Amino acid sequence: MFGLDWLFTTSTNTGIAVTPTNAAKCAMVAVCTALLANGCSIPVKLYQRVDGAKEAATDHPAHTLVHRDASDWMSAAAFRTALTRDAIAFGNGFAHITRDGSGRPVELIRLSPGAVAIEIDDVTLEPTYRLSLAHGGTVVEHFSNILHITSGMRADDGVTGLSVISQAKDDIALSLVMAQTVASTFKNNSRPGGIILLQKAMGDDTRAAIKSSWTQALSGENAGGIAVLEHGAKYETIQQPLAENEAEKLLIQTNVAICRHFNVPPHLAYELTRATWSNAAEMNRAFLDYSLAPWHREWVSAYRRALLTPEERDTFLFEFETDEFIKSATLDRWQAYQIARSSGVLTANEIRAIENMPRIDTADADALGNPYTQGNSNDFSEVQE
């Protein structure tokens, strides 16, 4: 993946060239990428609409590709993680769709982003994908044979994705510089440096010997020791405008800016300056709604276009199973269902359809009456009376 740096190197105002390789060394980039990529690795199921309800379409070949294994050597979860990382780092994630003799999808194979060139037809505006072969030459694939994931940000052609790392290059470079600065500062005993004031002039060799002796005696493992100065010499630290606490504040601000580029709440990237225990649960829900939901929609749209026929798209749909992210809201959700059920707003089967559960064939499953009171009736008006 990271052998493509020469294709995706961008200069910055700091003078440091940001690539997918050195960007991954930025802790905040690594955490944000992992959060989004792992958030796309949660299970996905293919459902079919049947009589107003949704049932898992386990017999459809696409269900296996999205829920269990994308290929014989890569699980569906690992496949989505890899392509999501590609889209973050390079703007686009690509996979070739292998089909059987009847045109049904049977395999999804990840393609290196640097091996795929997107070409837009000047007349129809349809994209085609030119693949560079490992042993030389190229082959052009129709868009129906390519699963294409973008970062959500697109170029003017409306198809090509833009790299998140490229968009955040200046903040990433600043974070790398700040990390180097802090590391260098602590390497020198957490001090920017200092000077030794001598009472009389000394030769170059003598000054060099004093400096070497001082560094050897009080740096590294010997930091914090007792200094002994002779002949009335004095040591004075050089006060720099960038003190340790100021460097820390600037690094925090830079990390928050990187989180904004990735659309990730800072507290999930372990920047807890403004997070509290009381609002953490709500922030987790916000992460699902505002950070992961766009990526999930990107995946669902790509799956729908690439793995379903135009006729199937009316009755089949892909959905991420997000229950793991909203466990804290489960009680609130079921209490809301109870109120809707007792108020005659939803039937039992309507609630089961929302929860992706199969219908039940009981006498009151489609009734709007209150099941928690005696004398339940299919006519809700009779219950009110």
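What follows is calculated from the coordinates using simple rules that are stated; it is not laboratory data. What you see is a predicted model, and the numbers here were worked out from it, not measured in a lab. Glycine gets a Cβ as well: all are built from the backbone with ideal geometry, and neighbour counts include every protein chain shown.
Between D289 and I109, the distance separating the two model label sites (each 7 Å from Cα on the Cα→Cβ line) works out to 4.3 nm. Net charge in the neighbourhood of E312 (other residues with Cβ under 12 Å of its Cβ; Lys, Arg +1, Asp, Glu -1) is +3. In this entry, region 79-189 is assigned a mean projected area of 10.5 nm², taken as a quarter of its C-alpha convex hull surface. Near N263: Cβ cut-off under 14 Å, other residues only, Lys/Arg at +1 and Asp/Glu at -1. The net charge is -1. Annotation: amide H-H contacts under 5 Å for R99 (H modelled 1.01 Å from N, sequence separation of 5 or more, or interchain): V106.
Once both labels are positioned 7 Å from their Cα atoms along Cα-to-Cβ, the gap between D121 and V256 label points is 4.9 nm.
With a sphere of radius 14 Å drawn around the Cβ of L147, what net charge do the other residues whose Cβ falls strictly inside it have (Lys, Arg +1; Asp, Glu -1)? Combined, the nearby Lys, Arg, Asp and Glu give +1.
Once the C-beta distance of N145 and D72 is scaled by a Förster radius of 22 Å, the resulting FRET efficiency is 0.70 to the nearest 0.05. The trypsin sites (Lys or Arg not before Pro) of region 39-139 meeting both criteria, a DSSP state outside H, G, I, E and B (loop) and at most 13 other C-beta atoms within 10 angstrom of the site's C-beta, are R68.
If R0 is 56 Å, the Cβ-Cβ spacing of H96 and S342 corresponds to a FRET efficiency of close to 0.60.
Take the Cβ-Cβ distance between K211 and T21 as r, set R0 to 35 Å, and report the resulting FRET efficiency rounded to the nearest 0.05. FRET efficiency, K211 to T21: 0.40.
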